[in-house]
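Remarks on the structure that follows.
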C-alpha cells in the first residue's frame, strides 16, 4: 500500500479561525483524514506548507509512521523545527494512523496499547469569547453547565496580552472568577487560562488571590520560553500549574520535567507530531508524576478524534478540550459526530480515528478570512502606553 494523493481542505467552522483538514488516499483506495492546528490569519500559509510536503508523502507506505516523522524532520526541515512544520507534519501523521486503523479494521487506540478508559472527560472552551464583564462571564458559564459540562476553561483577562499589567486588571480578572464560581457552584471545575501573558510578580499575586475559588488549574501563567519563571509560579501558589501548548517536541518538554515547572502538561495532538508524538510525550511525563490534558483548539471532528484516541491509551490522561464554538459545524460535517454526555465522550468504536467526514457537507463551508486574532479586536500596544 502506498499513498497516492494529498488533499488539503480549509473549512470555515463559523467562528474564530478555519480548520485545516488533510485527506490522504492510497493506491488501494483506503483514505484517511488528519488535521493541523491552525492559527487565525495564517491558515493559507499553513495549507501551502502541507502542499509543499506532498511530494515527500506520495509513494510512502502509510504504515511506516515513525520513520516518516523522522525523515521529515531530518531531510525536509533539515532539523530546523518551526510551528508551521510541526502543524503540517502532524496532520499527515494523523491521517496515516486513520489509514492504518481502517486497513486493519480496528480503532487506532487498539494499535497503541489498548484502552485505559471507556470514555474521556472534556472541558468546554470558547464559550467566553466576547465576554466583557464579570457578569457576562457568569451568565455564559451557567449556560454551559446547563448544557452538561462540568469543567469550564476561560481567560478572565479582557485586555490584550501584556507582560506587565495594572492592579485594576488583576482585580477585574479575580472578580470574573468570583462571579463564575458563584454562578456555577462548587461542583464545576474552573480551569483558568492566562495565555502566557504575565511576569511572575503578576502571575503569583493573581494566583494567590484566586486560590479561595479552588481552580482546577492555572494554565500557562508565564511565557513558555522562560520555564524558570513558570516553575517560580508553581512553587509560589497552591493551584496546579499547566504548561505545554506552545511546546511541540520531546526535547522541548524535557525542560518542563527537569525543572519541575508544571503539575500538568497540555500538548496538542495536531501540532506535536501527531498521535505518536503525543503518546511519547505522555510517556515522558509518567515518571515525573505529571498528568496530560491535551490542548485541542481544533475541530470537533478530526482533531478531537485524534486526541480521543491518544487519551484512550495513556494512563496519565486527565481531561481534554472541547471547543464549544465549533460544536454545530462539527455535527454538520461529520457522518457520525461525537456527543458530549455529562461532560464525557465515549471512545470511538469504528476503525481508524472513529469518525467519518461528509465531504459534500464539508464543501459547503469554504475558507473564510477571519483575519488576525479571529476577528477579535486587540488594542495596539502604543495606544495604551
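The values are calculated or read from the model by the stated rules, or taken from the named source; none is laboratory data. All of these numbers come straight from a predicted model, not from anything done at the bench. Counting neighbours? That spans all protein chains shown, and the Cβs are built from the backbone with ideal geometry, glycine included.
Before moving on, here are some points about what is shown:
- Being buried (at least 21 other Cβ atoms within 10 Å of the Cβ), modelled with pLDDT of 95 or more and either assigned to a helix (DSSP H, G or I) or in contact with a helix residue (DSSP H, G or I) (Cβ under 9 Å, 6 or more places away or on another chain) (or both) holds for only one residue in 204, 180, and it is 180.
- Residue under evaluation residue 195, criteria (1) in contact with a strand residue (DSSP E or B) (Cβ under 7 Å, 6 or more places away or on another chain); (2) touching a residue at least 40 places away in the same chain (Cβ under 8 Å), criterion not met: (1)
- Lone unmet requirement of (1) in contact (Cβ under 8 Å) with a residue 60 or more places away in the chain; (2) closer than 30 Å to residue 187 by Cα for residue 230: (1)
- When residues in region 151-165 are screened for being in contact with a helix residue (DSSP H, G or I) (Cβ under 9 Å, 6 or more places away or on another chain) and surrounded by fewer than 18 Cβ atoms within 10 Å (Cβ to Cβ), 6 of them pass.
- Condition met for residue 303 (within 9 Å of the chain's Cα centre (by Cα) and part of a helix (DSSP H, G or I)): yes
- Of all residues making up region 43-73, the number that are buried (at least 17 other Cβ atoms within 10 Å of the Cβ) and over 24 Å from residue 103 (Cβ atoms): 5
- Selection of region 273-292 for residues being touching a strand residue (DSSP E or B) at 6+ places or on another chain (Cβ under 9 Å) and in contact (Cβ under 8 Å) with a residue 60 or more places away in the chain yields only 274.
The rows are residues; the columns are (1) outside any helix (DSSP H, G or I); (2) farther than 14 Å from residue 348 by Cα.
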position: 66; (1), (2): no, yes
position: 70; (1), (2): no, yes
position: 86; (1), (2): no, yes
position: 90; (1), (2): no, yes
position: 100; (1), (2): no, yes
position: 115; (1), (2): yes, no
position: 127; (1), (2): yes, yes
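- Checking the stated criteria, residue 364 turns out not to satisfy the condition of being out of contact with any strand residue (DSSP E or B) (no Cβ under 9 Å at 6 or more places or on another chain), part of a loop (DSSP other than H, G, I, E, B) and either buried (at least 16 other Cβ atoms within 10 Å of the Cβ) or at pLDDT below 95 (or both).
- Hey, residue 81 out of contact with any strand residue (DSSP E or B) (no Cβ under 6 Å at 6 or more places or on another chain), outside the structural domain of residue 302 (by TED's automatic domain parsing) and farther than 20 Å from residue 294 by Cβ or not: no
- Any hit, region 17-27, residues being exposed (fewer than 15 other Cβ atoms within 10 Å of the Cβ) and over 18 Å from residue 305 (Cβ atoms): yes
- Residue check for residue 272: within 13 Å of the chain's Cα centre (by Cα), assigned to a helix (DSSP H, G or I) and crowded, with 24+ Cβ neighbours inside 10 Å: no
- Conditions (1) assigned to a loop (DSSP other than H, G, I, E, B); (2) touching a helix residue (DSSP H, G or I) at 6+ places or on another chain (Cβ under 6 Å); (3) free of Cβ contacts under 8 Å to residues at least 60 places away in the same chain: number failed by residue 248: (3)
- Flag if residue 266 is crowded, with 24+ Cβ neighbours inside 10 Å, closer than 26 Å to residue 211 by Cβ and either over 13 Å from the mean Cα position of the chain (by Cα) or at pLDDT 95 or above (or both): yes
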